Amino acid sequence: MRFASIGSGSDGNGTLVQSLEGTLLVDCGFSAREALSRMAEMGVVAEDLAAILVTHEHSDHIKGVARLANLCRIPVYATWGTWASKLNGVLDEGLLQLISPHEEFAVAGLQVQPVPVPHDAREPCQFVIEQDGKRLGLLSDVGSVTPHMVESYQNCDALMLECNHDLAMLSEGPYPPALKRRVSGPLGHLNNRQSADMLSQLERTAMQHLVIGHISQKNNHPDLAMEALLSDAICPESIIRLATQNSGFDWLTVEPRTETV
Ligand SMILES: [Zn+2]
Ligand SMILES: [Zn+2]
């Protein structure tokens with residue numbers, strides 16, 4: 001299994017997850033045309049996509065989903081709340097695969113476990129994707145860390161984790177007060193400290209890749225996110241990568257676990 005990003009942040013998100021049987025696109029917060037061109041940079045064409053998975057209906061995650069799916073006949077996996085909010089009447093009905101945020105499903109040889117999360121959307125969920133015992137966790141757009149999230153993301157071999165903002169930069173930054181309250185609130189986004197706290201509660205011995213995702217260009221700096229994740233030796237620097245808004249990150253392979261004799 002390997003994964004890559006075509007862009008990450010409040011202007012658009014899209015994560016590619018690939019097995020030998022096919023490729024998933026998790027969220028498409030770019031126009032269909034833009035997404036296709038960004039995917040081409042990663043060597044992926046529309047015909048490679050076995051499915052689009054949608055975490056929630058905010059435009060930085062759903063903008064191009066219906067158009068790309070309708071155009072290229074790609075099944076879309078989404079919760080009822082996500083569908084009702086932004087896909088109903090737009091996505092061709094035959095392409096919808098309704099998911100329960102509590103039930104695992106299989107697609108393209110990958111086992112996908114949705115994880116319900118606190119965020120200000122209708123029925124948001126994030127995903128842990130598994131193949132042959134290897135676990136890839138994708139987690140962004142979360143305002144609070146819940147016990148169920150901590151339980152669900154244990155023992156990941158790779159994790160893409162939101163480090164949205166630095167609290168001080170947000171409070172001194174350009175956002176209007178209401179937006180500051182929304183972003184830092186319990187249904188908003190994780191700040192660097194919350195992400196580091198979440199990470200510190202996870203079993204991390206198998207972790208090969210930790211990707212900083214959904215970083216705010218106005219209210220955070222990669223150095224501050226890195227500093228938080230490195231504090232208290234939560235994580236070695238060598239496994240940390242940054243997903244950027246402009247180009248995401250290139251393919252990272254999740255290697256099979258080495259057997260201990
Ligand atoms: Zn978002
Ligand atoms: Zn969101």
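Checked against (1) in contact with a Pro (Cβ under 8 Å, 6 or more places away or on another chain); (2) farther than 23 Å from F3 by Cβ, I212 passes all but a single condition, namely (2).
With respect to the conditions (1) on the phi < 0 side of the Ramachandran plot; (2) in contact with a helix residue (DSSP H, G or I) (Cβ under 8 Å, 6 or more places away or on another chain), D60 falls short on a single one, namely (2).
Go through the range 245-261 and count every residue that is of a type outside the set (D, E) and surrounded by fewer than 17 Cβ atoms within 10 Å (Cβ to Cβ). Here the count works out to 9. Note on the range 54-102: residues that are among the aliphatic types (A, V, I, L, M), crowded, with 24+ Cβ neighbours inside 10 Å and part of a helix (DSSP H, G or I) total 4. Checking every residue in the range 159-166 against the condition of being surrounded by fewer than 21 Cβ atoms within 10 Å (Cβ to Cβ) and either out of contact with any Pro (no Cβ under 6 Å at 6 or more places or on another chain) or within 18 Å of V26 (Cα to Cα) (or both) gives zero matches. Checked against (1) out of contact with any Lys or Arg (no Cβ under 7 Å at 6 or more places or on another chain); (2) more than 16 Å from L95 (Cα to Cα), A51 passes all but condition (2). Tell me which residues, restricted to the range 171-205, are within 15 Å of ligand 1 (Cβ to nearest atom), assigned to a helix (DSSP H, G or I), among the aliphatic types (A, V, I, L, M) and touching a Ser or Thr at 6+ places or on another chain (Cβ under 9 Å). If the condition is that a residue be within 15 Å of ligand 1 (Cβ to nearest atom), assigned to a helix (DSSP H, G or I), among the aliphatic types (A, V, I, L, M) and touching a Ser or Thr at 6+ places or on another chain (Cβ under 9 Å), then V183 is the only one that fits. For the range 117-130, the condition of being free of Cβ contacts under 8 Å to residues at least 40 places away in the same chain, surrounded by fewer than 17 Cβ atoms within 10 Å (Cβ to Cβ) and in contact with a helix residue (DSSP H, G or I) (Cβ under 7 Å, 6 or more places away or on another chain) holds for none of the residues.
Could you give me the residue pairs with C-beta distances under 8 Å whose first residue belongs to the range 90-113 and is free of Cβ contacts under 8 Å to residues at least 12 places away in the same chain, whose second residue is assigned to a strand (DSSP E or B) and hydrophobic (A, V, I, L, M, F, W, C) wherever it lies, and which are 6+ apart or on separate chains? Every condition considered, the pairs that remain are E104/V112; A106/V112.
Annotation: of all residues in the range 103-145 being within 17 Å of the chain's Cα centre (by Cα) and among the polar types (S, T, N, Q), the one that is nearest to ligand 1 (Cβ to nearest atom) is S140.
Restricting attention to the range 145-190, report how many residues are without any contact (Cβ under 8 Å) to a residue 40 or more places away in the chain and touching a Lys or Arg at 6+ places or on another chain (Cβ under 8 Å). Summing the residues that are without any contact (Cβ under 8 Å) to a residue 40 or more places away in the chain and touching a Lys or Arg at 6+ places or on another chain (Cβ under 8 Å) in the range 145-190 gives 2. Residue count for the range 53-75, restricted to those that are among the charged types (D, E, K, R) and either within 15 Å of ligand 1 (Cβ to nearest atom) or closer than 20 Å to Q126 by Cα (or both): 3.
Looking at the range 220-235, is at least one residue modelled with pLDDT under 95, assigned to a loop (DSSP other than H, G, I, E, B) and under 29 Å from T23 (Cβ atoms)? Yes, the conditions are met somewhere in the range 220-235. Within the range 38-52, if we keep just the residues that are buried (at least 21 other Cβ atoms within 10 Å of the Cβ) and either under 19 Å from A243 (Cα atoms) or hydroxyl-bearing (S, T, Y) (or both), the residue that is nearest to ligand 1 (Cβ to nearest atom) turns out to be R38. Of all the numbered requirements in (1) over 24 Å from D250 (Cα atoms); (2) at pLDDT below 95, L20 misses one, and that requirement is (1).
The values are calculated or read from the model by the stated rules, or taken from the named source; none is laboratory data. Here the structure is a predicted model, which is why all the values come from computation and not from measurement. So basically every Cβ, Gly included, is an ideal-geometry build from the backbone, and we count neighbours across all protein chains shown.
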